[in-house]
Structure formats: C-alpha cells, structure tokens
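Right, one structure below, let's go through it.
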Amino acid sequence: MSSLSAFDSRLADVAGVSVVASTELVGGEGPGLQIVVIENALGRATLTLQGAHVLSFTPAGGRDLLWVSPLAIYKPGKAVRGGIPLCLPWFGSHPDGLPAHGFARTALWSIVGAEALTDGRTKVVFALTDSEATLKLWAHAFRFEFAVIVGKALDVELVAEHKGDVPVKFTAALHSYFSVPNVADAVINGLEGCPRIDTVGGITRSVNEGAVHIVGTHDSVYLDVPAEQTIVTSAGTTHVYSADTRSAVVWNPGEQALDIGDLKEHYPGFVCVERGDVYDNAIELAPGASYRATMTISG
Ligand SMILES: O=P(O)(O)OC[C@H]1O[C@H](O)[C@H](O)[C@@H](O)[C@@H]1O
C-alpha cells in the first residue's frame, strides 16, 4: 500500500492532488523522498510520504507559514528538519535509547483517502499501522491516521488508535516549525499563566508570565495551554489553534544549532510551537481507545 503505484490511480480523479519525485528538491540526496502536493484555489501544501510530514503550507496570495531548513536531508529513515514532524508514540528522548520523538516521523505512511471537499478545500488521509519493525520499538498494535485539509487554513487531525491489549502511556506532538524573519524578534502569545517546564540544562518548573520571547536556547514545555497561540513578527501573525491538546512546546536551539548538521547558521529563521500532550499531560491509552489531536494553522 505504500508505493506510488498503489495510490496514484486513487488520486488521479481528485483535483489538486499530485505526486512528484523528491529528486527535484534542493538538498535531496540518495533515493530521496516521495512528495505529495495538495493544491487548490485556496492554498498549497507539500508533504513527504515518509512520516506524513507536512513540509510547507502557503495560503493563496500569502507566504509559506512553515519553515524547512535549507540543510534538510531528504533521505529514507532520516527526519526532515522543518515542517511538521509527527512525534509519536513518544515525544522527546526515550529512556531506553530508542529513537527520539518515536518512529512515526521516519516510517513510510500510506495514502488511504483523498477528497475534494464541496467548499473548495482538499483532504488527504495518511495511515500507518504496526509492523514487525514497529513492534520491536513499541510492543503494541496500532493504527495511526493523519488527515490534512488544505484551504485558506491548514487543518490537520492525528488519530492514534491503540489496538493492543494492555494500557499504554502515550505522548505525542505536532512539531511545527514556523517561518519567522528573525526568531529574536518573534513574540509568542497565548501561553501566559501556564505551568512551564524549562528543559535547558536540567528541568526547572515555573509559571510562565507574559508573552514568550526567544533569547538564546529556548526549550520549554507549557502545560494546560489555551487553544490558541499566535506568533507575531514583522512578516505577519501566524495563528496556531488546537482545542483538544493540552501542551505546547516552544523550541529554538539558538547557537547550539551550529553543532546540528541540518540547521547550522539557519536557526534564526524559525520557531517551533508544537501542540500535543507531553510530560504531565501524557495520556494513558486503554486498549481500544484512541488519541486525537487536531491543529489549525492560518495566517
Ligand atoms: O532534533 P530532533 O530530534 O528533531 O528534536 C528537536 C527538538 O524537538 C523538541 O522541540 C524538543 O523539545 C527539543 O528538545 C528537541 O531538540
């Protein structure tokens, strides 16, 4: 189900959905990654099939609200630096040294549906199910679905169905990288008064006061956050809305990026505002239960 030929005929009659080879991408190397392009009169998005990973979203007449590193590596098994990596079934580092942010962002997903909606938007649905490889990393049967709706806004919906037979602790994040003219000048609203876990150089807990400004390395989890955050810059305001997740992670490595091969000196161009359920907001998923996380991004 995961090869191009398995889904291209299904997409042929859906206006605005096409698939191109990623060898056209700057920075592509090796076999590259397959790209899905979703385009209509309202907006345009691109994704890699690996990770069901959104790379760009541009509302018609607007700018790309997302950021991908000019040094991003498009290689099977390597997470692309930027866009919206899907972090699940765990967020962050793993106590047993398993891959950071889970395996979903580097697994090959399948397209299971594509639809031109009556309001002019286009919806494409991706899926990932357990396999021999995933069961070695996470011993639970599952079905993950990720729906992407392209219109004037980008709507995404992640549903993770636990098909195993024991309860499992679960964390997840929609790890969005937003394009900013200069991270030092970005102002992030919508996290005032939230419990904050600063993870730079150890764990420090506090309550966040006021708007968030990025000074140097910033890596903080904000708990029990309101539905909407805004990122205000000289290029405009980006809105991030998620009514059903409880955490937000704000990240920019600052000069630590100089040691990160696919970031280096490009770090001022983005800020991550990631919505999900992490740390104290982790979910206990019962057998048969589903986790759902939606997010809307608009300019
Ligand atoms: O380099 P990655 O595995 O993609 O992780 C990138 C970043 O993701 C999140 O924002 C975490 O809070 C950071 O601690 C981490 O450095």
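The values are calculated or read from the model by the stated rules, or taken from the named source; none is laboratory data. As the structure is a computational prediction, the values presented were derived from the model and not from experiment. Every residue, glycine as well, gets a Cβ built from its backbone with ideal geometry; the counts of neighbours run over all protein chains shown.
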Task: Residue list for the stretch 69-83, filter: of a type in the set (G, A, S) and within 10 Å of the ligand (Cβ to nearest atom) - done: A79, G82
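Just one of A107, A52, A79 is closer than 21 Å to H162 by Cβ, free of Cβ contacts under 8 Å to residues at least 60 places away in the same chain and buried (at least 18 other Cβ atoms within 10 Å of the Cβ); which is it?
Details: A52 fails: free of Cβ contacts under 8 Å to residues at least 60 places away in the same chain; A79 fails: closer than 21 Å to H162 by Cβ.
A107 is the lone residue from the list that is closer than 21 Å to H162 by Cβ, free of Cβ contacts under 8 Å to residues at least 60 places away in the same chain and buried (at least 18 other Cβ atoms within 10 Å of the Cβ).
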Open item on the list: Just to be sure I understand, how many residues within the stretch 57-92 are over 11 Å from the mean Cα position of the chain (by Cα) and part of a strand (DSSP E or B)?
Closed with: 5
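Within the stretch 33-49, can you find the residues that are of a type in the set (A, V, I, L, M) and surrounded by fewer than 20 Cβ atoms within 10 Å (Cβ to Cβ)?
The initial filter retains those residues of the stretch 33-49 that are of a type in the set (A, V, I, L, M), namely 33, 35-38, 41-42, 45, 47, 49.
The answer is V37, A41, L42.
Which one of I231, I197 is in contact (Cβ under 8 Å) with a residue 60 or more places away in the chain and either closer than 19 Å to V156 by Cα or touching a helix residue (DSSP H, G or I) at 6+ places or on another chain (Cβ under 7 Å) (or both)? Before you say what the answer is, go through the steps one by one.
Working: I231 fails: in contact (Cβ under 8 Å) with a residue 60 or more places away in the chain.
Every option except I197 fails the conditions.
So, of the residues in the stretch 217-265 that are of a type in the set (A, V, I, L, M, F, W, C), within 16 Å of the ligand (Cβ to nearest atom) and surrounded by fewer than 18 Cβ atoms within 10 Å (Cβ to Cβ), which turns out to be nearest to the chain's Cα centre (by Cα)? Step through it out loud before you land on a result.
Here is the first cut: in the stretch 217-265, the residues of a type in the set (A, V, I, L, M, F, W, C) are 221, 223, 225, 227, 231-232, 235, 240, 243, 248-251, 257-258, 260, 263.
Still in the running and within 16 Å of the ligand (Cβ to nearest atom): 221, 223, 225, 231, 240, 248-251, 257-258, 260, 263.
Still in the running and surrounded by fewer than 18 Cβ atoms within 10 Å (Cβ to Cβ): 258, 260.
Values: L258: 23, I260: 19 Å.
Across the stretch 217-265, the extreme among qualifying residues is I260.
Answer yes or no: is there a residue in the stretch 223-233 that is assigned to a loop (DSSP other than H, G, I, E, B) and either touching an Asp or Glu at 6+ places or on another chain (Cβ under 8 Å) or within 16 Å of Y177 (Cβ to Cβ) (or both). Write out each step before concluding.
Going residue by residue through the stretch 223-233, those that are assigned to a loop (DSSP other than H, G, I, E, B) are 223-227.
Remaining after also requiring either touching an Asp or Glu at 6+ places or on another chain (Cβ under 8 Å) or within 16 Å of Y177 (Cβ to Cβ) (or both): 223.
Among the residues of the stretch 223-233, at least one is assigned to a loop (DSSP other than H, G, I, E, B) and either touching an Asp or Glu at 6+ places or on another chain (Cβ under 8 Å) or within 16 Å of Y177 (Cβ to Cβ) (or both), which makes the answer yes.
With the requirement that a residue be part of a strand (DSSP E or B) and over 30 Å from V150 (Cα atoms), what does the stretch 251-299 give you?
Taking the stretch 251-299 and keeping what is part of a strand (DSSP E or B), we get 251-252, 270-277, 283-285, 290-298.
Hit for the stretch 251-299 is E284, nothing else.
For the stretch 122-137, indicate whether the set of residues that are on the phi < 0 side of the Ramachandran plot, part of a loop (DSSP other than H, G, I, E, B) and of a type in the set (A, V, I, L, M, F, W, C) is non-empty. Don't jump to the end; show me each part of the working.
First, the residues of the stretch 122-137 that are on the phi < 0 side of the Ramachandran plot: 122-137.
Okay, now just the ones that are also part of a loop (DSSP other than H, G, I, E, B), so 130-131.
Still in the running and of a type in the set (A, V, I, L, M, F, W, C): none.
Taking every residue of the stretch 122-137 in turn, none turns out to be on the phi < 0 side of the Ramachandran plot, part of a loop (DSSP other than H, G, I, E, B) and of a type in the set (A, V, I, L, M, F, W, C).
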Task: Options L117, L66, L86, L108: the member that is more than 14 Å from the ligand (Cβ to nearest atom) and under 19 Å from S176 (Cα atoms) - done: L66
Open item on the list: I'm trying to understand the selection: among the residues of the stretch 266-299, which are among the acidic types (D, E) and surrounded by 17 or more Cβ atoms within 10 Å (Cβ to Cβ)?
Closed with: E274, D277
Open item on the list: Exactly one condition in (1) touching a residue at least 40 places away in the same chain (Cβ under 8 Å); (2) touching a Ser or Thr at 6+ places or on another chain (Cβ under 6 Å) is false for R143; which is it?
Closed with: (1)
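Could you please find all residues in the stretch 200-216 being away from the ligand (no atom under 16 Å from the Cβ) and either in contact with a helix residue (DSSP H, G or I) (Cβ under 8 Å, 6 or more places away or on another chain) or not charged (D, E, K, R) (or both)?
Here is the first cut: in the stretch 200-216, the ones away from the ligand (no atom under 16 Å from the Cβ) are 206-207, 209-211, 213, 215.
Of everything in the stretch 200-216, those that are away from the ligand (no atom under 16 Å from the Cβ) and either in contact with a helix residue (DSSP H, G or I) (Cβ under 8 Å, 6 or more places away or on another chain) or not charged (D, E, K, R) (or both) turn out to be S206, V207, G210, A211, H213, V215.
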Open item on the list: I'd like to know if the stretch 165-185 contains one or more residues that are in a strand (DSSP E or B), more than 16 Å from the ligand (Cβ to nearest atom) and among the aromatic types (F, W, Y).
Closed with: yes
TODO: Evaluate the stretch 69-79: report whether one residue or more is at pLDDT below 95 and of a type in the set (S, T, Y).
DONE: yes
- [ ] Would you confirm whether any residue within the stretch 148-158 is away from the ligand (no atom under 16 Å from the Cβ), surrounded by 14 or more Cβ atoms within 10 Å (Cβ to Cβ), more than 24 Å from L66 (Cα to Cα) and modelled with pLDDT of 95 or more?
- [x] no
Open item on the list: Could you check the stretch 27-43 and list, in sequence order, the residues that are modelled with pLDDT of 95 or more and either in a strand (DSSP E or B) or within 16 Å of the ligand (Cβ to nearest atom) (or both)?
Closed with: G43
